[in-house]
1. Inside segment 118-139, can you point out the residues that are open to solvent by 50 Å² or more (accessible area, probe 1.4 Å) and in a helix (DSSP H, G or I)?
2. Just the residues that are open to solvent by 20 Å² or more (accessible area, probe 1.4 Å) and either outside any helix (DSSP H, G or I) or within 30 Å of ALA35 (Cβ to Cβ) (or both), please, taken from segment 55-80.
3. Considering only segment 77-92, I want to know if a residue exists there that is under 21 Å from the mean Cα position of the chain (by Cα) and at pLDDT 75 or above.
4. Output the residues belonging to segment 140-183 that are open to solvent by 80 Å² or more (accessible area, probe 1.4 Å), free of Cβ contacts under 8 Å to residues at least 12 places away in the same chain and touching a helix residue (DSSP H, G or I) at 6+ places or on another chain (Cβ under 9 Å).
5. Considering every residue within segment 151-163, establish whether at least one is part of a helix (DSSP H, G or I), among the aliphatic types (A, V, I, L, M) and over 26 Å from ALA103 (Cβ atoms).
6. Which one is modelled with the highest pLDDT, of the residues in segment 1-36 that are hydroxyl-bearing (Ser, Thr, Tyr) and part of a loop (DSSP other than H, G, I, E, B)?
Amino acid sequence: MLSKPSAILSAHTLQLYSRKYYKECCRPIFNKEWAEVKARPLLSDKKQPHPFNICITVIKCLFAAESPEFRAELEKEPLENLQELKEKVKAASDGPINPTDPASQQQSLNQAYSTLQPLVDQVARKYGFVATLLLAGPIPEWSGAVHALCFHSGKTIGLIKQNWQQYNADRFDQATKSLIGFA
């Protein structure tokens, strides 16, 4: 049985560690720990712990056992990515705040992909979620017709990895049409 870690760890650091090292480091130890827990007889007033809690304990213990240099480097990683993202957003937002003429609006939309996709990617990485950002408004290149822009990051866990649009196209289309109608 692993000993409990003494350090308090941030959730984003644990998620990053788990995402990078789960398959090779954490899963074999989790499988062993979980088999031991399942093999233990239960007291009549006790419930078996949930596998998720065992998994988190394994991840915390393994991370705590890493060298201080390794932990410090991993803890810095999300913060460095966030600072880089903030600089990209600031650089891309130096144009007009609310462009009124079609040319400046189209220029802003062209910059949206280079600004918003990294933002959605960072949100997905930071929280360990899949993420979708939907925007709707007039598109100058399409004669001002209202359309939606979509940014996906991350895919579902499982045999077939999909983003929201791939996973449930009908519901995605309903949400997109609703947003376009709202805009």
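1. Scanning segment 118-139 gives LEU119, VAL123, ARG125, LYS126, TYR127.
2. Hits for segment 55-80 are CYS55, ILE56, THR57, LYS60, LEU62, ALA64, ALA65, GLU66, SER67, PHE70, ARG71.
3. no
4. Listed by number, the residues that qualify are ILE160, GLN166, ARG171.
5. No - not one qualifying residue is present in segment 151-163.
6. Here is the first cut: in segment 1-36, the residues hydroxyl-bearing (Ser, Thr, Tyr) are 3, 6, 10, 13, 17-18, 21-22.
Then drop every residue that is not part of a loop (DSSP other than H, G, I, E, B), which leaves 3, 6, 10.
Working: SER3: 47, SER6: 41, SER10: 64.
So, considering only residues that are hydroxyl-bearing (Ser, Thr, Tyr) and part of a loop (DSSP other than H, G, I, E, B), the one modelled with the highest pLDDT is SER10.
The values are calculated or read from the model by the stated rules, or taken from the named source; none is laboratory data. Remember, predicted model here, so these are calculated numbers, not experimental data. FYI the Cβ positions are ideal-geometry reconstructions off the backbone, even for glycines, and counts take in every protein chain you see. Heads up: the accessible areas ignore ligands, DNA and RNA and are worked out on the full protein's heavy atoms, side chains in. Shrake-Rupley method; radii C 1.70, N 1.55, O 1.52, S 1.80 Å.
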